[in-house]
1. R0 = 35 Å: FRET efficiency of Ala117 with Arg28, Cβ-based, nearest 0.05?
2. Expected output is a single nm value to one decimal: the length gained when fully extending between Val13 and Val79, i.e. 0.36 nm times separation in residues minus the C-alpha distance. What is it?
3. So what are the ³J(HN,Hα) numbers for the range 74-85, from phi and the Karplus equation (6.51, -1.76, 1.60; θ = phi - 60°), rounded to whole Hz, Gly and Pro as x?
4. Can you tell me the relative contact order of the range 1-98? Whole percent, Cα pairs under 8 Å, sequence separation 6 or more.
5. Quick one: angle between helix 111-129 and the longest Cα principal axis of the chain, in degrees between 0 and 90, rounded to 10, please.
6. Using a basic spin-label model with each label point 7 Å from the Cα along Cα→Cβ, how many nm lie between Glu37 and Met125?
7. Roughly how many Å² is the accessible area per residue of the range 4-131, as a whole number, for a 1.4 Å probe?
8. For the chain, which whole-number percentage of the solvent-accessible area (1.4 Å probe, protein heavy atoms only) is attributable to carbon and sulfur atoms?
Amino acid sequence: MAKQRRADTGIRVLAAVTRDEVAAELVRVGSSAAGVEIMLPKGLFRLVRLEQVPATAANIIKQEMLALGGDAVVHWKTVAHAIERTDIVLLGTERQLLRLAEKLQANPFGLPGTGEALRAVLQNMHAQRAP
């Protein structure tokens, strides 16, 4: 069950991190099974680390994440190409990250492979957690 913090106003901040916790909260308010499937990727916030990404690709990834409503943290020298490579921490919902994976497959600079790898990592994460 998700942890809850309740204010006197009847507003609660939920700390639901797993798929099951998010799904339970959606069901608790009366969502249909179809609604849960649609909303679940929007309710799962993830941090994903990409390692040693070329600066040009990192700048594109950051722009794409910002366009999707997420963000990407890169080394501060990346934007000026003052370094050749950077690690990236992607900040976004599973839905945003899956959409990023799709968008990267249509970009140059080695990004199609990154997009496919990102999609595979997100899918494998759920396969590993399944009972």
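1. Values: r = 35 Å, r/R0 = 1.00.
The pair Ala117/Arg28 has a calculated efficiency of 0.50.
2. Numbers: separation 66, 0.36 × 66 = 23.76 nm, distance 3.53 nm.
Full extension of this stretch gives 20.2 nm more.
3. Calculated HN-Hα couplings, in order: 10, 4, 5, 8, 5, 4, 9, 6, 7, 10, 7, 9 Hz.
4. Working: 142 pairs, mean separation 25.9, N = 98.
Contact order relative to length: 26 percent.
5. Between the helix axis and the principal axis of the chain, the angle is about 30 degrees.
6. 2.1 nm
7. Details: 8010 Å² over 128 residues.
Heavy-atom accessible area per residue stands at 63 Å².
8. Carbon plus sulfur share of accessible area: 57 percent.
The values are calculated or read from the model by the stated rules, or taken from the named source; none is laboratory data. These numbers come from a predicted model, not from an experiment. We place every Cβ from the backbone using ideal geometry, glycine too, and count neighbours over all the protein chains shown. These area figures cover heavy atoms from the full protein model, side chains too; ligands, DNA and RNA do not enter into them. Shrake-Rupley method; radii C 1.70, N 1.55, O 1.52, S 1.80 Å.
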